[in-house]
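Some notes on the structure that comes next.
We did not get these values from a lab; they are worked out from the coordinates using the rules stated. These numbers were taken from a predicted model, which means no experiment stands behind them. Every residue, glycine as well, gets a Cβ built from its backbone with ideal geometry; the counts of neighbours run over all protein chains shown.
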């Protein structure tokens, strides 16, 4: 598997250097660094990384605004948000606009490297318990869905609504297949169609929309 090309964005030079060392010594190509959101947008446009490790709270332009611009200029790019808090409303907003997951800054070296490789393949990084707590805390089913997520589910079939509900509850494709008595290939097809119809990037956004449209309520996750 080809190693993802990574851009590290953080206003603390020590954190950037530490993450670069961790990733580089594990065979992951760090193509650049940026100290704030403005630099991040420019660097992402010039370097075309596969994955951006993006701090949320930075001067000049915060990580949320930067992530929105990075994803708009390169939809194939994946963004992993970095935070010191696991229940940060900015992380929730980032997931809603298309970030593929988030990491706490005290993440272990192996977890960091594995997370970068995972999102580099196009998947989403979902730490189930933390992600559900995050979404349950900030999602409001009585409000319009967050920017970048389409709330209209009318275009989904009954089966697709069922699949989306279970994705929102945290089930993997294998678990979905067992619960619905379907092949895993069929489940993957349903999930892909849901993403296409709703304009979603990955499972992180799917979890958000499942809560915000009321398909899943707090406490229903597995």
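Tell me, what is the FRET efficiency for residue 14 and residue 104 to the nearest 0.05, using R0 = 25 angstrom and their Cβ-Cβ distance as r? Intermediate results must be reported in sequence, preceding the final value.
Details: r = 16 Å, r/R0 = 0.65.
Between residue 14 and residue 104 the formula returns 0.95.
In plain terms, if you count all Cα to Cα distances in the range 5-125 and split them into 5 Å steps from zero, the share in each step is 2, 13, 26, 29, 22, 8, 1 percent. I need the shape label for the range 1-63. Rule: rounded when a/c is under 1.5, else prolate if a/b > b/c, else oblate, with a, b, c from the alpha carbon gyration tensor. Oblate, since a/c reaches 1.5 and b/c is not below a/b.
Multiply the residue gap between residue 186 and residue 152 by 0.36 nm, knock off their C-alpha separation, and tell me the result in nm, one decimal place. If you can, show how the numbers build up before the last one.
Numbers: separation 34, 0.36 × 34 = 12.24 nm, distance 2.33 nm.
Working it through step by step, the gained length comes to 9.9 nm.
Shape class of the range 142-212 from the alpha-carbon gyration tensor: prolate, with a/c at 1.5 or above and a/b greater than b/c.
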